[in-house]
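**Q** Attaching a single structure in structure tokens format; questions to follow.
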Amino acid sequence: MQPTMATSSPRASALALLLCALSASSFHVAISGPPSPAPGKDDFLSCLTKAVPPRLLFAKSSPAYGSVWSSTVRNIKFLSDKTVKPLYIVTPTEPCHIQATVSCGRRHGMRLRVRSGGHDYEGLSYRSDKAEPFAVVDLSKMRQVRIDGKQATAWVDSGAQLGEIYYAVAKETPKLGFPAGVCATIGVGGHFSGGGFGMMLRKYGTAADLVIDAKVVDSEGRLLDRKSMGEDLFWAIRGGGGASFGIVVSWQVKLVPVPPTVTVFQIHKGVKDGAVDLVAKWQQVAPSLPEDLMIRILAMGQDALFEALFLGTCKDLVPLMGARFPELGMKPADCNEMSWIQSVPYIPLGKTGTVKDLLNRTSNIRAFGKYKSDYVRDPIPRAVWEKIFGWLVKPGAGVMIMDPYGGRMGSIADDATPFPHRQGMLFNIQYVNYWFGEGAGALPNQWSRDMYAFMEPYVTKNPRQAYVNYRDMDLGVNQVVGDVSTYESGKVWGEKYFKGNFERLARTKAKVDPQDYFRNEQSIPPLLK
């Protein structure tokens, strides 16, 4: 679920665009090594040009390098001279280009980072946290979506964005949809590889739950499908993060049925209108509603926006709300009926959003940001919600986005995929903090970290859980010993994202990439014991 604030007011519409511009669905990033002694960058380039057309390669000296590198940088704190940038950017158009890049990178000690959408909060798909030579594989030219309406499936390239999937599916048939994130410019590679959820999560689960095949370039440069990669690796890429096991070129997904008419409502309630009581009630009601109804909350300042998607008509929704959540006061005038594909741009953009907006791959919104996430298993007391709304008016305060689980999410086993936040989970919280200014250090803002510290007693424990697609390096980073990331350092952050699934991920890593060829600051380390 990516953050948005969609209403008809200009301020809220601007906020919606901002939050979608800054939002992350994780990143699809792979780092290749290990470095050879005194690697020669020219050796890497000469190796690459034997298999990849020069027009697809950009060195730092290339006139277009700067615009290609910055094309999907959403968090402008990384648009700085201090940011460690790649020596080269490769923009493949065929799987064989990716295979050649991995092979050349490994042979000549040039690490690789792979970018699909570029929304990643920590920027690790296009920068390094420490000085080192590396190249970026930018998948933006590989974004085909191939729909099989009869089989209700699609093959989607990792460089495609979510809006392109939604658009292609609806163009094929209005009877099908796909349950992924709210923001159209999120890249498929990162979103799917971290789980990926949006307004239909209670009906159909995560995007990764619907992946039925994939094509992956492994650490040997081989192109594998589900049969040839084996079930352990296929399990790992569907929610284990995109940084650890290989480069996913494309995904086959199962499409889902959607009704002819869906209903959206967006109801604002201020603290003076009883927002504290309503949010306290919502946390118990929303996860237990019928799975066709999703009501999330965006809380900012003294306002809570209750935003809903119902897979049905207003005629059916009004009595359901009257029976299950009468306190909200939802009435027929709040209903906005439309097709499912019309609801996709409506939710982030409001009434001005159009289906064609789903094909817009760019954003002009530029801001700094810091983000964190939590999971809630037990209802938070009303008195604490009063304090939370106090936090939302502190200097530099951001937004809290809360997505209810339950429904289909609660019926899938925690270990069915690496994404473990399933049974008994009430809701996910994302703390979105953004600010404006000049330069990488402009107005550094502590609100999200301070808010996170305040929330500790009220969220999951042992471990305190987090969503890998809201990547957060505050949780810990890998330590590399003997050119291999250590399992002990990875556990610190890894069990927060993956709970008990982290060990299986690490064992799978040891099987498919024991030399830690693909790695970054928060990649799965190999458990070699």
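The values are calculated or read from the model by the stated rules, or taken from the named source; none is laboratory data. Just so you know, these numbers come straight off a predicted model, no measurement behind them. Reconstructed Cβ throughout: ideal geometry from the backbone, glycine too, with neighbour counts over all protein chains shown. Note: accessible area is taken over every heavy atom of the protein model, side chains too, but ligands, DNA and RNA are not part of it. Shrake-Rupley method; radii C 1.70, N 1.55, O 1.52, S 1.80 Å.
Each row is one residue, and each column tells you yes or no for (1) touching a helix residue (DSSP H, G or I) at 6+ places or on another chain (Cβ under 7 Å); (2) free of Cβ contacts under 8 Å to residues at least 40 places away in the same chain; (3) surrounded by fewer than 22 Cβ atoms within 10 Å (Cβ to Cβ).
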site	(1), (2), (3)
LEU176	yes, no, yes
GLY198	no, no, no
ARG202	yes, no, no
ILE212	no, no, yes
ARG222	no, no, yes
GLU231	no, yes, yes
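**Q** Another question, then. Mind listing whichever residues of region 88-117 are at pLDDT 95 or above and open to solvent by 10 Å² or more (accessible area, probe 1.4 Å)?
**A** Selection gives TYR88, THR93, GLU94, PRO95, CYS96, HIS97, GLN99, ALA100, SER103.
Here is a yes/no grid of residues against (1) in a loop (DSSP other than H, G, I, E, B); (2) touching a strand residue (DSSP E or B) at 6+ places or on another chain (Cβ under 8 Å):
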site: PRO86; (1), (2): yes, yes
site: ILE98; (1), (2): no, yes
site: VAL102; (1), (2): no, yes
site: SER140; (1), (2): no, yes
site: ILE147; (1), (2): no, yes
site: GLN151; (1), (2): yes, no
site: TYR166; (1), (2): no, yes
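**Q** Follow-up question, since we're still on this one. Can you pull out the residues in region 392-402 that are surrounded by fewer than 15 Cβ atoms within 10 Å (Cβ to Cβ) and touching a Phe, Trp or Tyr at 6+ places or on another chain (Cβ under 6 Å)? Even if it seems obvious, please write down each step before you answer.
**A** Of the residues in region 392-402, the ones surrounded by fewer than 15 Cβ atoms within 10 Å (Cβ to Cβ) are 393-396.
Listed by number, the list holds a single entry, GLY396.
**Q** Return the residue satisfying two criteria in turn: it lies in region 502-529 and is of a type in the set (Lys, Arg) and at pLDDT 95 or above, and of such residues it is most open to solvent (accessible area, probe 1.4 Å).
**A** We begin by selecting, within region 502-529, every residue of a type in the set (Lys, Arg); these are 504, 507, 509, 511, 519, 529.
Pick out the ones that are also at pLDDT 95 or above and you get 504, 507, 509, 511.
Details: ARG504: 93, ARG507: 108, LYS509: 0, LYS511: 138 Å².
Checking each candidate, the answer is LYS511.
**Q** Of the conditions (1) in contact (Cβ under 8 Å) with a residue 40 or more places away in the chain; (2) out of contact with any Gly (no Cβ under 9 Å at 6 or more places or on another chain); (3) in a helix (DSSP H, G or I), LYS171 clears all except one; give me its number.
**A** With respect to (1) in contact (Cβ under 8 Å) with a residue 40 or more places away in the chain; (2) out of contact with any Gly (no Cβ under 9 Å at 6 or more places or on another chain); (3) in a helix (DSSP H, G or I), LYS171 is out only on (1).
**Q** Restricting to region 222-265, count the residues that are closer than 19 Å to VAL102 by Cβ, assigned to a strand (DSSP E or B) and β-branched (Val, Ile, Thr).
**A** Looking only at that region, the number is 3.
**Q** Let me ask something else. Within region 120-131, restricting attention to residues that are surrounded by fewer than 19 Cβ atoms within 10 Å (Cβ to Cβ) and without any contact (Cβ under 8 Å) to a residue 60 or more places away in the chain, which residue is nearest to GLY242 (Cα to Cα)?
**A** Narrowing region 120-131 to residues surrounded by fewer than 19 Cβ atoms within 10 Å (Cβ to Cβ): 129-131.
So of that shortlist, the ones also without any contact (Cβ under 8 Å) to a residue 60 or more places away in the chain come out as 130-131.
Numbers: LYS130: 20, ALA131: 22 Å.
Within region 120-131, the match that is nearest to GLY242 (Cα to Cα) is LYS130.
**Q** Being at pLDDT 95 or above and open to solvent by less than 10 Å² (accessible area, probe 1.4 Å), is that true of even one residue in region 146-154?
**A** Yes, some residue in region 146-154 is at pLDDT 95 or above and open to solvent by less than 10 Å² (accessible area, probe 1.4 Å).
**Q** Could you count how many residues in region 478-501 are open to solvent by less than 10 Å² (accessible area, probe 1.4 Å) and in contact (Cβ under 8 Å) with a residue 40 or more places away in the chain?
**A** Applying the first criterion (open to solvent by less than 10 Å² (accessible area, probe 1.4 Å)) to region 478-501 yields 485, 490, 493-494, 497-498.
Going one step further and asking which of them are in contact (Cβ under 8 Å) with a residue 40 or more places away in the chain, we end up with 485, 497-498.
Summing the residues that are open to solvent by less than 10 Å² (accessible area, probe 1.4 Å) and in contact (Cβ under 8 Å) with a residue 40 or more places away in the chain in region 478-501 gives 3.
**Q** Out of ILE347, ILE380, I need the residue that is within 20 Å of the chain's Cα centre (by Cα) and of a type in the set (A, V, I, L, M). Which one? Don't jump to the end; show me each part of the working.
**A** Numbers: ILE380 fails: within 20 Å of the chain's Cα centre (by Cα).
None of the others qualify; the one that does is ILE347.
**Q** Just a yes or no: is a residue in region 285-306 over 23 Å from the mean Cα position of the chain (by Cα), within 19 Å of PHE197 (Cβ to Cβ) and of a type in the set (Ser, Thr, Tyr)?
**A** Yes, region 285-306 contains a residue that is over 23 Å from the mean Cα position of the chain (by Cα), within 19 Å of PHE197 (Cβ to Cβ) and of a type in the set (Ser, Thr, Tyr).
**Q** Quick one: would you say GLY242 is closer than 21 Å to THR93 by Cβ, touching a strand residue (DSSP E or B) at 6+ places or on another chain (Cβ under 7 Å) and open to solvent by less than 20 Å² (accessible area, probe 1.4 Å)?
**A** On the way: closer than 21 Å to THR93 by Cβ: yes; touching a strand residue (DSSP E or B) at 6+ places or on another chain (Cβ under 7 Å): yes; open to solvent by less than 20 Å² (accessible area, probe 1.4 Å): yes.
Considered against the rule, which asks whether it is closer than 21 Å to THR93 by Cβ, touching a strand residue (DSSP E or B) at 6+ places or on another chain (Cβ under 7 Å) and open to solvent by less than 20 Å² (accessible area, probe 1.4 Å), GLY242 comes out as yes.
**Q** Determine which single condition VAL52 fails, assuming it passes every other condition in (1) under 21 Å from VAL102 (Cβ atoms); (2) among the aliphatic types (A, V, I, L, M); (3) at pLDDT 85 or above; (4) out of contact with any His (no Cβ under 7 Å at 6 or more places or on another chain).
**A** So the condition that VAL52 fails would be (4).
**Q** Answer yes if at least one residue in region 364-383 is surrounded by fewer than 17 Cβ atoms within 10 Å (Cβ to Cβ) and part of a helix (DSSP H, G or I), and no otherwise.
**A** yes
**Q** While we're looking at this one, here's another question. TYR458 - would you say it is closer than 30 Å to ILE76 by Cα and among the hydroxyl-bearing types (Ser, Thr, Tyr)?
**A** Numbers: closer than 30 Å to ILE76 by Cα: no; among the hydroxyl-bearing types (Ser, Thr, Tyr): yes.
No.
For (1) buried (at least 18 other Cβ atoms within 10 Å of the Cβ); (2) polar (S, T, N, Q); (3) out of contact with any strand residue (DSSP E or B) (no Cβ under 6 Å at 6 or more places or on another chain), each residue gets a yes or a no:
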site: GLY390; (1), (2), (3): no, no, yes
site: ALA413; (1), (2), (3): no, no, yes
site: GLN423; (1), (2), (3): no, yes, yes
site: GLN430; (1), (2), (3): yes, yes, no
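**Q** Which of the residues spanning region 151-173 are under 21 Å from ILE347 (Cβ atoms) and of a type outside the set (Val, Ile, Thr)?
**A** ALA160, GLN161, LEU162, GLY163, GLU164, TYR166, TYR167, ALA168, ALA170, LYS171, listed by residue number.
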